[in-house]
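A.B. asks: My questions will all concern the structure given below.
The values are calculated or read from the model by the stated rules, or taken from the named source; none is laboratory data. In this text the structure is predicted, and so the values were computed from the model without any measurement. Reconstructed Cβ throughout: ideal geometry from the backbone, glycine too, with neighbour counts over all protein chains shown. In case anyone asks, the SASA skips ligands and DNA or RNA and just uses the protein heavy atoms, side chains included. Shrake-Rupley method; radii C 1.70, N 1.55, O 1.52, S 1.80 Å.
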Amino acid sequence: MHRLLARVALLWLAALVVARPLPAADIVPPIDERFAEALAEAANEKPDFRRHVVPLLGRLGCNGRACHGSFQGQGGFQLSLFGYDFHADHANLLGGDEPRTNLADPAESLIIQKPLKEIPHEGGKRLTRGSWQHRVLLDWIASGAEPAANDTSLERLEVTPRELVASRKGITQQLRAVAVWNDGTREDVTPLCRFQSNNDEVATIDETGRVTVAGPGDTHVVVFYDNGVVPVPVLLPVSDRLGSRYPDISTPTRVDSLVTDKLRKLGIVQSDLCTDAEFLRRVSLDLTGTLPTAAEVDTFLADARPDKRDLTIDALLDSPGYAAWWATKFCDWTGNNRERNQNNGPDNRTVATAAWYEWLRTRIAANVPYDEIVEGIVLARSREDDESYRDYCERMSGYQRGDFVASFAEQPSLPYFWSRRGFQTPQERALGFAYTFLGVRIQCAECHKHPFDQWTKDDFARFQNFFTRVRFGQSPDTKDEMKAMLTELGVDPELRGGDRDKAITRLVKAGHTVPYGETFVIPPVKPAKAQKPPKAGRPKQNQRIVVGRTATVLGGDEQTIGDLADPRVVLIEWMLADDNPYFARAIVNRVWASYFNVGIVEPPDDLSLANPPSNAPLLDWLAAEFRRKGYDLKWLHREIVTSRTYQASWQTNDTNRLDERNFSRAVPRRVPAEVVLDAIRMATASDTEAARMAASSSGRAVDESATVGWGNSAKYALTVFGRSARESNCDCDRSAEPSLLQTVFLRNDRDMLAQVNRKGGWVDEISAPYDAAAKRAERRAEKGRPAAVVA
C-alpha cells in the first residue's frame, strides 16, 4: 500500500510539472525523481541538452580528460572537456561517419549501447538499463535530440545549506543545488552536479552531494554545475572553547575582529603577542627586507613608550628599504625579467630592467595610489601626448647616455610591460594580464571549460580581444622617419635584428640620437566586409586589425571596442569599478600573503570560485577599505602590521598548534632570496656599515638596481635561494623550497666566506685592535725591545 501511494504521488507530481508552467518561486523536482521508474511512462518530458544531457555526460565521466574529453577524443568520438561547448558536442553526437545517436531507433544509439556495454566500450559500463540516467538519454534522442537553446543561460546556482558547522566527527549533511535560469525556471539539479572537497581530512563528499565531517578544522566542499561553481564552508571546532567558554581576546583593529570571528567558530585561541625583539626583527624584514642593526635593537628594547611599535612601523614605511623591497616584489608580479626585456634597438635588457624597477620604486616611495600605478602600466605607450617620433628618440637616447635632464622614472607610463618577449600574442597577454592585475588563472580556458571556475573557451577568446591592437616595434606612421634617421647615421636601413641593434647601440653610446622601437596601439579600422579570424600566434608587424571588434571583460558584458582609440581604456574602467570582484582583492591578498605564511586565498594568484578565501569577510573588508582609502598602499601595509594578528607569537597553544590558514599564530616562513643575502651581509657588517645599510638601499640585494655588495656572485647566490624567475607572472615563479645547495653555500662557499672575512666587516672590526697590537709587538721585537702587554 505504501509503495502504491508513493507511486501515485510521484505520478501526480510529474503531471503537475508537465501540465502547467512553473512560477518563478517554484522549484522543479530533481531529474532522478522525474525520470524514476514509476514515472517512466507518465513524465512525458523532453530532456534539455544543456540543462540535463551535458551535465549527465559529465557525471558519467564521458567528457572527462581520460575519456572523450581528451584532446584526441576516444574511439573516434570527442566531447569538449568538462562540457560547455554545446554546439560542438551536439554536432559530434549527431554527426560523423558513425553518429553516436540514432534518431530512427534511439535504443540502438551508440551513446546508449556503449555505456550499457551491450557492445564493446573501453570506458566500461557507465549506465544501467532502466535507470533514470538511461531514460534521460533515451528520451532526449527519442524527442529529436534537439540542441541547446541559444538564449538560455544560467543566472546562478544556489546551494543549501550555505555553511555547515558540525558538532562532532561523522555528522552527514545532504547538499541541495538549485539552478536558476534566465527564463525564471528554478530546478533542483543536485543529481547532475559534480562535487569535490578541498580537504578530505576535514570533510568528504560523495557523488550524490552528501557531506561527511571527517575531522576537526575547516575547509570547503565545492559544487559544480554548468558554469556555476559554489563553495560551501565546512567547520568542525578543534576544541570545546566555544560560546561563553571562549576567552576574552583583545581585538584592537578591525582585522583582529574579523580574524577572531572565524577563530571563535573553530574554538581556536590566538597566541599571545610576540616579544619586542621578535616584533622588530619580523617587521623590519617584512617591510624593508632588512635586519635591524644591533643599535636599533638596543634602542627599541629600551624604549618605554606604549606606541613604540606603531612609531617604528611609520619609520620603516618612510625608509628607503621599504620602497626598494616592495618595488622588487612588484617587479615579480609585473614580470620584469631581464632575459625577456630584449627590446628592439639600443634599449637593451639591462637598461629596460633597471628603468622598469626605478619607475616602480619612485612611485612606491612617493606612495602613489595603486590604481594610478596600474593605470600607468595598463595604458602605457612609449610616446607621450603630442610627442614626435624624433623627440621620443632624443628622449630615449638621453636616458641611455645618462645626459637627459629627467629620468625614465618621471615619465607617466611603463611601456616595457608590453614589449617583453613571451608577452606579444593576445593569448599571452590575456594570461599574464589576468595573473598580474586580477589574481586569476585562466590558462585552462584557453583550450576548454575551466574545471574549477566559471571561465569557458569563449570567455578567453573574447577577453584576449582587448590586446589584439597593442603592439611593440615600429609604428606604421614612423616607418619612413626611422629609415631617414638610420640613413643620417650611416646605418643601412635594410639591416635587421641583432646587426642593426649592435650598430645603433654603438652610436647612442657615442652620443648620437638613434631610432627606437615603441609600444603603440594600432588605430581602429572599420572592415569593408566580413573578415576571417586571424591565425593563432603572434600577429605580423603593423598588421591592420579588422577583427575582434568586440571584447568581454571577465564575468562581464560584451563591449564594442572596434572604434576605440585604445581598447585598454575599457579594461581599466572595469578594473577600477567598485563592483570589480578581482582588482582590489588581488593586490590585498598578495600583500597579506607577504606577511603571513599563506594568503587569505592560497595560492595568492588563484582567486577561482573553487578556491575560496579562508576568511571571506576579512578579504572583503580589506578590499573595500583599500578602495575607500584611495588605493593607499601604505594604509594597507599599516593596517596589516599594526594588528595583533600580525604581531602574534610563533609559540602555540593547545588549540592552534596545527593551524596554518586562519592566522591564529605566526607561522615560521622562509626568508626570500634577496633578504637572505642582505641578512648575511648585515650579520657580517661592522657597526658603521650596518648603520649605512639601514639608512640606504644602495648596494643591497633588495634594491634591484644595485647588488654591488656581493659583486658578480649576487646572481648565483640569488638563484640558489629561489629568487623569482619572472617567467609566467605566476607567484610560483619564486621558490621557497629548501635545498642541499643552500646549506653547502652557507657553510663553505667562497663568496659566503668572503663576506665573513671582508675588509671593513664585523670580524675585521673586532680583530683590528689585536692585529694592530700584534704588528706593534713585531716591530718592537725587531728592534730588540720587550713586547708590550695587551690587557
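A.B. asks: Whole-Hz ³J(HN,Hα) for each residue in segment 433-442, computed from phi via Karplus 6.51 cos²θ - 1.76 cosθ + 1.60 with θ = phi - 60°, x for glycine and proline: what do you get?
C.D. replies: Coupling constants for segment 433-442: 5, 5, 4, 5, 9, 10, x, 10, 9, 10 Hz.
A.B. asks: What order, most packed first, do the peptides 326-338, 265-277, 296-308, 111-123 have when packing is the mean number of other Cβ atoms within 10 Å of each residue?
C.D. replies: Packing proxy ranking, top to bottom: 326-338, 265-277, 111-123, 296-308.
A.B. asks: Let me check something: with ligands and nucleic acids excluded, how do Y370, Y84 order by accessible area (1.4 Å probe), largest to smallest?
C.D. replies: In descending accessible area the options line up as Y84, Y370.
A.B. asks: Amide H neighbours of Q454 under 5 Å, at least 5 residues apart or on other chains, H built in the peptide plane: list them.
C.D. replies: L609
A.B. asks: Sorted by accessible area (1.4 Å probe), largest first, how do S767, S614 line up?
C.D. replies: Correct descending sequence by accessible area is S767, S614.
A.B. asks: In degrees between 0 and 90, to the nearest 10, how far off the longest principal axis of the chain does helix 132-142 point, with axes built from Cα atoms?
C.D. replies: 70
A.B. asks: Compute for segment 227-306: radius of gyration divided by Kirkwood radius, i.e. Rg/Rh, restricted to C-alpha atoms, rounded to two decimals.
C.D. replies: 1.16
A.B. asks: Something else now. Output the relative contact order of the chain, whole-number percent, from Cα pairs under 8 angstrom with separation of 6+ residues.
C.D. replies: Relative contact order for the chain comes out at 12 percent.
A.B. asks: For V223, list long-range residues whose amide hydrogen, built 1.01 Å from N in the peptide plane, is under 5 Å from its own amide hydrogen.
C.D. replies: V230, V232
A.B. asks: Order 315-322, 237-244 from most to least packed using the mean count of other Cβ atoms within 10 Å.
C.D. replies: The densest-packed peptide leads the list: 315-322, 237-244.
A.B. asks: What whole-number value in cubic angstrom gives the convex hull volume per residue for the C-alpha atoms of segment 135-246?
C.D. replies: Spelled out: Cα convex hull of segment 135-246, divided by residues, is 112 Å³.
A.B. asks: Ok, one more. Could you order the peptides 554-563, 510-519 from most to least packed, using the average number of other C-beta atoms within 10 Å per residue?
C.D. replies: My ranking of the peptides, most packed first, is 510-519, 554-563.
A.B. asks: Tell me, what is the FRET efficiency for T560 and D151 to the nearest 0.05, using R0 = 22 angstrom and their Cβ-Cβ distance as r?
C.D. replies: According to the calculation, E is roughly 0.60.
A.B. asks: Follow-up. When all protein chains stay in place, what accessible area (Å², nearest 10, 1.4 Å probe) is found for S153?
C.D. replies: My reading of the accessible area for S153 is about 40 Å².
A.B. asks: Check A648: other-chain or 5+ apart residues with amide H under 5 Å from its amide H, H built from backbone geometry?
C.D. replies: Those lying under 5 Å, H to H, from A648 are C274.
A.B. asks: For segment 605-666, what does the accessible surface come to per residue with a 1.4 Å probe? Please give it in Å².
C.D. replies: I get 36 Å² per residue for segment 605-666.
A.B. asks: Follow-up question, since we're still on this one. How many Å² of accessible area per residue for segment 286-351, probe 1.4 Å?
C.D. replies: It amounts to 39 Å² per residue over segment 286-351.
A.B. asks: Right, next: Determine the per residue accessible area of segment 122-260 with all protein chains present and a 1.4 angstrom probe, expressed in square angstrom.
C.D. replies: Per residue, segment 122-260 has an accessible area of 46 Å².
A.B. asks: Rg and Dmax of segment 616-763, Cα atoms, in Å?
C.D. replies: Values for segment 616-763 (Cα only, Rg and Dmax): 18.9, 53 Å.
A.B. asks: Per-residue ellipticity at 222 nm for the chain, helices alone: DSSP H runs ≥ 4 residues times -39500 (n - 2.57), over residue total, nearest 500 deg cm²/dmol?
C.D. replies: Calculated from helices alone, the mean residue ellipticity at 222 nm is -11500 deg cm²/dmol.
A.B. asks: Which angle between 0 and 90 degrees, to the nearest 10, do you get for helix 2-19 versus the longest principal axis of the chain when only C-alpha atoms count?
C.D. replies: Helix 2-19 sits roughly 80 degrees off the main axis of the chain.
A.B. asks: How far is helix 349-365 tilted, in degrees, relative to the longest principal axis of the Cα atoms in the chain, given as a value from 0 to 90 rounded to the nearest 10?
C.D. replies: The helix 349-365 is inclined about 90 degrees to the chain.
A.B. asks: K265: which aspartates and glutamates have alpha carbons under 19 Å from its alpha carbon, excluding same-chain residues fewer than 8 sequence positions away?
C.D. replies: Qualifying aspartates and glutamates at Cα under 19 Å: E163, E201, D218, D240, D248, D256, D620, D654, D659, E660.
A.B. asks: With mean projected area of the Cα convex hull in nm² defined as stated, name the option among [x] 43.9; [y] 33.8; [z] 47.8 computed from the structure displayed.
C.D. replies: Evaluating mean projected area of the Cα convex hull in nm² on these atoms matches [z].
A.B. asks: Run the accessible area of the chain with a 1.4 Å probe and give the carbon-and-sulfur part as a rounded percent.
C.D. replies: C and S atoms contribute 51 percent here.
A.B. asks: Which whole-Hz couplings ³J(HN,Hα) result when phi for each residue of segment 324-330 is put into the Karplus expression 6.51 cos²θ - 1.76 cosθ + 1.60, θ = phi - 60°, listed in order with x for Gly and Pro?
C.D. replies: Result, rounded to whole Hz: 5, 5, 6, 5, 4, 5, 5.
A.B. asks: Applying the Karplus parametrisation 6.51 cos²θ - 1.76 cosθ + 1.60 with θ = phi - 60° to the phi angles of segment 744-751, what ³J(HN,Hα) value in whole Hz is obtained for each residue in order, glycine and proline being reported as x?
C.D. replies: 4, 4, 5, 8, 8, 5, 5, 5
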